[in-house]
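The values are calculated or read from the model by the stated rules, or taken from the named source; none is laboratory data. Keep in mind that what you see is a predicted model, and the values were worked out from it rather than measured. Virtual Cβ from ideal backbone geometry, glycine too; neighbours counted across all protein chains shown.
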Amino acid sequence: MQALLEIVPAWQFIAFAAVFGAMWGSFANVVIVRWPLEMSVVRPASHCISCKTPIRFYDNIPVLSYLLLRGKCRHCKASFSPRYMVVELALALLAVGVMRLTILNDPPSFQQGAAEFFIWFSFVWALVTLGMIDLETYLIPDAITYPGIVVGIAANAFILELGWMEPLIAAAGGFVVIRLLFIDGYKFLTGKPGMGEGDAKLMAMFGAFFGIKGAMFALFAGAFQGLIAGIVMVAVRRRGGGDSEPVFAEDDGDPDEDGEHETTQETRFRKAKIPFGPFLALGAIEYFFMGNAILDAYLDGIARLIGF
């Protein structure tokens, strides 16, 4: 691998990763928009939702086209969501990070490093995509989590370091724990599920890729960050004169007193719920990039505290 880096400079690998990630970020945006609408992610070609005009290739360059067009359609001037650029830029940066931890991290061979790059980038891509879908629709697509579980176990069995047994146990255990404690158990105590079944399947995918330690890290990191977001949201509600009901309860779509669903923007904010999936996904991404360093620092701090 070192010999290859003497021929191909590291910056070229990084540039490739950035372009590769941005391109897949563009496809992620297609999935984020079309999957909830049960539309094909292949056809029709990219087009403006407002005027239906097909988007030309030179207006569909990730990140760059959004900046040049100032986030608007060239034909009808309708505004595009900033999410398009955010997702493309995020996946470009994440791809660079994955590149640095795989191919540029002195693997046994280029083939091993390349295989790890594509495996882990696929995992990160799936997390960003399903996190954004959950954020907008409160749904985590089985079309991503089910294949993710299979890929994670197979990748560890043949390419990554965990083997097949621990990922299989972690995937099953992650699903069962979330299902029993945070869905069925919470519903038994409160009458409403605290998390969705999609969250349990997402935890199974974490177990398939990370094993037990990584899945637990993602769960606790996601829960902690979600708790902070929930506290902030409740505080904002109170300041605005709204209620302080839990923000992570499942949105059951109950009608109001008149038998109709409330739809005003004010009501949506006052009764807004925060999906848990994006925080779980964030916790998993954090574990991949710096989980071991965080755990080592935590254990070192505990050892210092108790005098070892």
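So which residues in segment 22-49 are assigned to a loop (DSSP other than H, G, I, E, B) and out of contact with any strand residue (DSSP E or B) (no Cβ under 9 Å at 6 or more places or on another chain), if there are any at all?
The answer is Glu38, Met39, Ser40, Val41, Val42, Arg43, Ile49.
Take Ile140 and tell me if it is closer than 16 Å to Ala215 by Cβ and outside any helix (DSSP H, G or I).
Here the answer is yes, as Ile140 does meet what is asked.
Given the conditions (1) surrounded by 14 or more Cβ atoms within 10 Å (Cβ to Cβ); (2) within 27 Å of Arg100 (Cα to Cα), report the number of the one that Val33 does not fulfil.
(2)
Which is over 30 Å from Ile119 (Cβ atoms), surrounded by 10 or more Cβ atoms within 10 Å (Cβ to Cβ) and at pLDDT 80 or above, of Val232, Val236, Val247?
One residue alone meets the criteria, Val232.
Among the residues of segment 98-106, are any over 25 Å from Ala293 (Cβ atoms), touching a helix residue (DSSP H, G or I) at 6+ places or on another chain (Cβ under 7 Å) and assigned to a helix (DSSP H, G or I)?
no
Scan segment 183-200 and give yes if some residue there is of a type in the set (A, V, I, L, M, F, W, C), outside the structural domain of Leu101 (by TED's automatic domain parsing) and not in a helix (DSSP H, G or I), otherwise no. Walk me through it before giving the result.
Restricting attention to segment 183-200, the residues satisfying the condition of being of a type in the set (A, V, I, L, M, F, W, C) are 183, 188-189, 195, 200.
Next, only the ones that are outside the structural domain of Leu101 (by TED's automatic domain parsing) stay: 183, 188-189, 195, 200.
Still in the list and also not in a helix (DSSP H, G or I): 195.
So far as segment 183-200 goes, yes, one or more of its residues are of a type in the set (A, V, I, L, M, F, W, C), outside the structural domain of Leu101 (by TED's automatic domain parsing) and not in a helix (DSSP H, G or I).
Among the residues of segment 60-105 satisfying the criterion of being of a type in the set (D, E, K, R) and in contact (Cβ under 8 Å) with a residue 40 or more places away in the chain, which is farthest from Thr129 (Cα to Cα)?
For segment 60-105, the residue satisfying everything is Arg100.
Residues in segment 182-196: is at least one surrounded by fewer than 21 Cβ atoms within 10 Å (Cβ to Cβ) and in contact (Cβ under 8 Å) with a residue 60 or more places away in the chain? Walk me through it before giving the result.
Taking segment 182-196 first, the residues surrounded by fewer than 21 Cβ atoms within 10 Å (Cβ to Cβ) are 183-194.
Now restrict to residues that are in contact (Cβ under 8 Å) with a residue 60 or more places away in the chain: 192.
Checked segment 182-196: at least one residue is surrounded by fewer than 21 Cβ atoms within 10 Å (Cβ to Cβ) and in contact (Cβ under 8 Å) with a residue 60 or more places away in the chain.
Touching a residue at least 40 places away in the same chain (Cβ under 8 Å), exposed (fewer than 14 other Cβ atoms within 10 Å of the Cβ) and not hydrophobic (A, V, I, L, M, F, W, C): does that describe Lys201?
Values: touching a residue at least 40 places away in the same chain (Cβ under 8 Å): yes; exposed (fewer than 14 other Cβ atoms within 10 Å of the Cβ): no; not hydrophobic (A, V, I, L, M, F, W, C): yes.
Against the criterion (touching a residue at least 40 places away in the same chain (Cβ under 8 Å), exposed (fewer than 14 other Cβ atoms within 10 Å of the Cβ) and not hydrophobic (A, V, I, L, M, F, W, C)), Lys201 does not qualify.
Considering only segment 116-136, state which residues are more than 11 Å from the chain's Cα centre (by Cα) and modelled with pLDDT under 95.
Glu136
Restricting attention to segment 262-289, report how many residues are under 11 Å from the mean Cα position of the chain (by Cα) and either modelled with pLDDT under 50 or outside any helix (DSSP H, G or I) (or both).
Qualifying residue count, segment 262-289: 1.
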